[in-house]
Amino acid sequence: MRRNRSGASVVQSPIDIKRWQQQPPTVSEARPSRCPACGAASCPVGSGIQLHGHGTRERQVRGPCEAGGPAVLVVVIARRYRCVPCGAVTIVVPRGVRARRVYSAAAIGLALALWGLLGATAAEVRRRVCPARIVGAAAALGWATLRRWARSVARRWLFPSVPDLGPSASLRQVAARAASVLAASADPTTRALAVEHRAFLGAGHVA
Ligand SMILES: [Zn+2]
């Protein structure tokens, strides 16, 4: 279970970002089947609803909406729930939105592929993945974000299903391995697409 900075559990809906934006789910459509904190069923048979809608929260998501598209900043309306038995607050976000990360999983997959597999520079990756209006601040940091993602993969905080390459691997090697795993996770019908597109698509499915 992942938590956000305020301690609420963050649960990914099966609905992806695009569908969520086109048709935001209702309270009942997005309600998790169980409370992730205590395991109580949200709608037990013969009893009232245990996981009540508790408002919404705006959540920024950065990165391209499609692998070859421009990087944008979108605001998704996440749904909040409060558990009657334990009081825990749960936030439901679209699939591909990660707790504590402002970029979509797909955008991170694309960035790791461009940097690790295609030899792009950090500046080139930034142009593809970072929305124009925040490039200024990001550029001042030399886009430390890219290295932070690779470091998070190496520490198994991000995409923990990616095999460990050991302490001697460079961050670019870690990025390359992660991108390969993500690309392999994309739907088989995407085989003909470029590897960075498959890493973009696969990242939405990988834990
Ligand atoms: Zn609970």
Subject >> Summed side-chain charge close to I77 - residues other than I77 whose Cβ falls under 12 Å, Lys, Arg +1, Asp, Glu -1 >> reply: +3
Original post:
Lone cysteines in the chain, going by a 4.7 Å Cβ-Cβ cut-off?
Top reply: C43, C65, C130
Subject >> Normalised contact order of the chain, rounded percent, pairs of Cα under 8 Å and 6 or more residues apart >> reply: 19
**OP:** Mind telling me which of L117, L146, L165 comes out most flexible in a GNM of the chain, alpha-carbon contacts under 10 Å?
**Re:** L165
Original post:
Which net charge results when you count Lys and Arg as +1 and Asp and Glu as -1 among the other residues whose beta-carbon is under 12 Å from that of E29?
Top reply: +3
Subject >> P(r) histogram, all alpha-carbon pairs of the chain included - 5 Å bins from 0, percent >> reply: 1, 8, 15, 18, 17, 15, 11, 8, 5, 2, 1, 0
**OP:** Return the single residue from G48, G116, G63 with maximal mean-square fluctuation; model: Gaussian network over the chain, springs between Cα atoms under 10 Å.
**Re:** G48
Original post:
Summing Lys, Arg as +1 and Asp, Glu as -1, what charge do residues with Cβ under 15 Å from the Cβ of A123 carry, A123 excluded?
Top reply: +4
**OP:** Could you tell me whether the range 92-207 comes out rounded, prolate or oblate from its Cα gyration tensor? Rule is a ≥ b ≥ c as square roots of the eigenvalues, rounded for a/c under 1.5, then prolate if a/b exceeds b/c, otherwise oblate.
**Re:** rounded
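Quick note: the coordinates plus some simple rules give every number you see, no bench work behind them. What you are looking at is a predicted structure, and each value in this text was computed from that prediction instead of being measured. No Cβ is skipped: glycine too gets one built from the backbone with ideal geometry, and neighbour counts run over all protein chains shown.
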